[in-house]
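The block underneath contains the structure these notes are about, expressed in structure tokens.
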Amino acid sequence: MTPPDLDAWLPEPAARTFHRRVARADPEVLWEAAGSVRLSECRVLGRVVRWRIPGTPADIGYRELLAREPFTNLEEGEWHSLSGIAGRIWTLRRDYPSLSDPEAFRRWHEPGTARVLFAHWVEPAGGGRSALVSETRVGISDRQSRLGLHLVRPLIATFEPLIGSEALALAARRAERA
């Protein structure tokens, strides 16, 4: 079991976050548990997502969220999922153009915008344990988008730890109880 090739989608990110949570569970069980986590179960992170993407139902699962507009499902495997979004991620208004397919994400290089890759996978951790991994990469197209990314870095720094402490932790606990 090898992690997905993120460099094939976004090779030189301007920003990157990485979280890994180990659970005493088989990969299948952990992946299933991760797929069952809903926005409403992650109090702060769920609110942030719904604030940034108005109209998102509170009871939607993260995997379902990342497979529908404004996201594009890029790649699915037995124990991994990649999704992407493009646009001006730093604006308060919803500015996420629709991408028709995975290749549209790969080719996206509009001035003043960014591409964001969301990757989740499970990998063996030894001793009957598995690890749930979440990596997010942000790619920028020009100087204007570098400035936009600079504006949201404090928000990223504040809220990105919630991925590991809320969503991944909940999935790990759920898998261990299964």
Subject >> Shape of region 7-56, Cα gyration tensor, a/c cut at 1.5 >> reply: oblate
Subject >> Computed magnitude of the charge dipole of the chain (debye, nearest 20; Cβ of K, R +1, Cβ of D, E -1) >> reply: 840
Subject >> Where the Cα pairs of the chain fall when distances are cut into 5 Å bins, in % >> reply: 1, 8, 17, 21, 22, 16, 9, 4, 1, 0
Original post:
How many Å² of accessible area per residue for region 1-97, probe 1.4 Å?
Top reply: 54
**OP:** Name the helices (complete DSSP H segments) of the chain with a Cα length along the long axis of 27 Å or more and a Kyte-Doolittle mean of at least -0.5, or state none.
**Re:** none
Original post:
Quick one, what does Rg over Rh come out to for region 108-160 if you take C-alpha atoms and the Kirkwood Rh?
Top reply: 1.18
Subject >> Listed residues 40, 100, 83 arranged by accessible area, highest first, probe 1.4 Å >> reply: 100, 40, 83
Subject >> Solvent-accessible area, 1.4 Å probe, carbon plus sulfur percent, for the chain >> reply: 51
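The values are calculated or read from the model by the stated rules, or taken from the named source; none is laboratory data. Small disclaimer: the values here were computed from a predicted structure and weren't measured. Every residue, glycine as well, gets a Cβ built from its backbone with ideal geometry; the counts of neighbours run over all protein chains shown. Only protein heavy atoms, including side chains, enter the accessible area calculation; ligands, DNA and RNA are left aside. Shrake-Rupley method; radii C 1.70, N 1.55, O 1.52, S 1.80 Å.
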